[in-house]
Each structure stands twice: as C-alpha cells, then as structure tokens.
Amino acid sequence: MILYLVLALCAGSSLYAQPAIERKIIIEHGQFYFFTIDEETQLATLHTGAVTGKLNRARSYPVPIGRERTDAFNPLCFDISGNTLTGINWILNSNNSRYEALKQIDLRDWKKPRQDWTSEDWAQLSFDQPVLAPNVPWQEMIEANNVLDNCFFDLVQIESKVMAICNQGRLRIWSFAGGKWTPLSKPVPVGFTTYFSLVSVKGAGIAVIDGKGSVYRLDEASGTMSKVKNGNADRPQVLIVDYDNYKTYTLPEEAIRASGFLSVKELIPHAEEIVF
C-alpha cells in the first residue's frame, strides 16, 4: 500500500521542476502519491499516477494542507488510505491552530481545477478542514517542556492513527483510537538531530527510521524503543515502505534525482531491503 520517502529530496533534472518531494511516496492499489510544498505559500501539491507510469508524468492537484519552512526542518506529515488523507497542517499562520492541526481530507474533493482561487483562499481552507482529533501529543509535550530543541514529529495511519513526537532528544509515540489519545511509549531518549519517519511493519508493529537510516522498533508491552539497525548513511537516503508487498527499502536520493523517466516500480529493484 505505501511507499515512504524519508529525506526531502532536492529537485533535480527533469523530474520535478523546483519543489522537493516531501518525506514519502505512498503507493496504494497500484497508484503512487507524493507531495511538494510551495516555498512562499507553504501549501502542498499532490502528485499522483500509476506505479508503472513515469514519475515526471504525474498528475498534480493543489490540496488544502501544508507546513512551515523554518528550522528545524520537518517535512509534511501525512498518510493516505483509500481516498482519505490524514495529515498535520503545520502552515505558520496566526489563524492556524496547532491544537487543531490534525486533519482528515477526502482527496476526491480536490482532484478538480480551481484556477480562480488565490493562495489565501487555499490557506484559509486548510485551516477549516475537518479535525481528525485534538493534537493532544503536541499539547502535552508543550506543557511538559515548551522549549523546542530538535523538535520533530510524524503521523501514520494503521488500524488506528499513530503519532510520534520528539523534543530535546526524547521521543514518545501515541495512538488515537476510540476517540482518545493513548501513549504507547514512555518518553524515550533517542537523540535525534534530524527528522524521522514512522513506519508500520507487518508482524513487527511500529518502527521509527531517522535521517541516517537507523531503525528503532517500539515494544508496546514495555513502552520502550530499541535500536535494531545502525544507520551510517553519509548522503541522503530514500526510505521506501511497500505495503502492497510488505517490504521496506532504502535508496540513495541520487536514484530519485535521475529518475524522471523511470517509474516507482522500476526504482524498487535498485533499493536495499531493510529486514526488521
């Protein structure tokens, strides 16, 4: 179902004109989905097509969600299941409530042209999208320590919604089900200095992959995290999680930069599988 693209990639060659891919590519039922962000408006554009089609032939649609582009850099947090986009709208604006930032959007509503809409229209619409749930993980983290230092977060939709948030080197994972948030882990020291991505691994629960390729897995029984793979990447890596085939891979970003005339399906054989 899903492919994850972990480092924001520099736009290169003929693949994407300017913007970088945000965090991940999602593949579900033979279709791929990824987002780019406009640097000025902070708004997202959805790119989609068949996994057998060339990446540079993706169809593009503006979508009412986005993120700020300030340090520390945290790419757009999102997941897609069917026609439902679950994401965190982190546009920096006084009208955008962090407490109401967890959004759920029906993509079928946005796959149509709206040429007369301004960026202000799209931004306001992003603030008004349905709220999935109050952002309790963020609120509790701020209440415990409102000094933000290497603060990163991500969200993934499994059977329930799962969110991880890290600040000052301590990470905590939460689950939203039955109308409430429940912590799945204690605040665990991890020392992240770059953003990470959440992954759902069939038969192995929840994993976290940091920017260097280190892999951590959550033990839900004890609420602790353990490192299962050391990352030693000296250049940006692409993390690919294929839920159609329940496999996880990494791929150097150079392979994506040069892949404008390749499909996602053609990229996977060049990737390295991660075994949990």
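Inter-label distance, E39 to N56: 2.1 nm, where each label sits 7 Å from its Cα along the C-beta direction. Dipole magnitude for the chain: about 520 debye, using +1 per Lys or Arg Cβ and -1 per Asp or Glu Cβ, origin at the Cα centre. Protection proxy ranking for 74-80, 131-137, 30-36, using the average of other Cβ atoms within 10 Å per residue and placing the highest first: 74-80, 30-36, 131-137.
With a Förster radius of 30 Å, plug the Cβ-Cβ distance of Y246 and D109 into 1/(1 + (r/R0)^6) and report the FRET value to the nearest 0.05. Result of the calculation: an efficiency of 0.50. What GluC sites (Glu not before Pro) in segment 172-276 are in a loop by DSSP, with at most 16 other Cβ atoms within 10 Å of the Cβ? Those satisfying the criteria are E220. A Förster distance of 41 Å, applied to the separation of the beta-carbon atoms of E140 and A258, puts the FRET efficiency at 0.40.
Could you work out the Rg to Rh ratio of the chain, with Rh taken as the Kirkwood radius (inverse of the mean 1/r over all Cα pairs)?
Reported Rg/Rh, Kirkwood definition of Rh: 0.93.
At 0.36 nm per residue, minus the direct Cα-Cα distance, what do F73 and L148 gain on full extension? Give it in nm, one decimal, please. Here the answer is 25.7 nm. Under a model in which nothing but the beta-carbon of Lys, Arg (+1) and Asp, Glu (-1) is charged, segment 204-276 shows a dipole of about 120 debye around its Cα centre. Relative to the globular-protein estimate of 2.2 N^0.38 Å, the Cα radius of gyration of segment 109-253 stands at 1.18. The residue among W90, G53, T182 whose Cα reaches farthest toward the positive pole of the charge dipole of segment 21-274, with charges on the beta-carbon of Lys, Arg, Asp and Glu, is G53. Which shape class applies to segment 123-163: rounded if a/c is under 1.5, otherwise prolate when a/b exceeds b/c and oblate if not, where a ≥ b ≥ c are the square roots of the Cα gyration tensor eigenvalues? Oblate shape, in that a/c is at least 1.5 and b/c is the bigger or equal ratio.
To the nearest whole percent, what portion of all C-alpha pairs in segment 190-276 is separated by more than 17 angstrom? Here the long-distance tail beyond 17 Å is 49 percent of all Cα pairs in segment 190-276.
Extension gain, A177-Y99: 0.36 nm per intervening residue step, less the Cα-Cα distance, totals 26.3 nm.
Helical content alone sets the calculated 222 nm signal of the chain at -2500 deg cm²/dmol, taking -39,500 (n - 2.57) per DSSP H segment of four or more residues and averaging over every residue. Put simply, segment 132-207 fits an ellipsoid with semi-axes of 20, 16, 10 Å; these come from the alpha carbon gyration tensor as the roots of five times its eigenvalues, largest first. With the charge dipole of the chain set up from +1 on Lys and Arg Cβ and -1 on Asp and Glu Cβ about the Cα centre, the Cα lying farthest toward the positive end among the listed residues W110, I209, I65 is that of I209. The Cα-based radius of gyration and maximum Cα-Cα distance (Dmax) for segment 16-117 are 13.4, 42 Å. Binning all Cα-Cα separations of segment 226-276 at 10 Å, short to long from zero, yields these whole-percent fractions: 22, 53, 23, 2.
Rule-based calculations on the coordinates, nothing more; no lab input. Computed from a prediction, not measured in an experiment: that's the story for all the values here. All Cβ positions, even for glycine, are placed from backbone atoms using ideal geometry, and neighbour counts span all protein chains on display.
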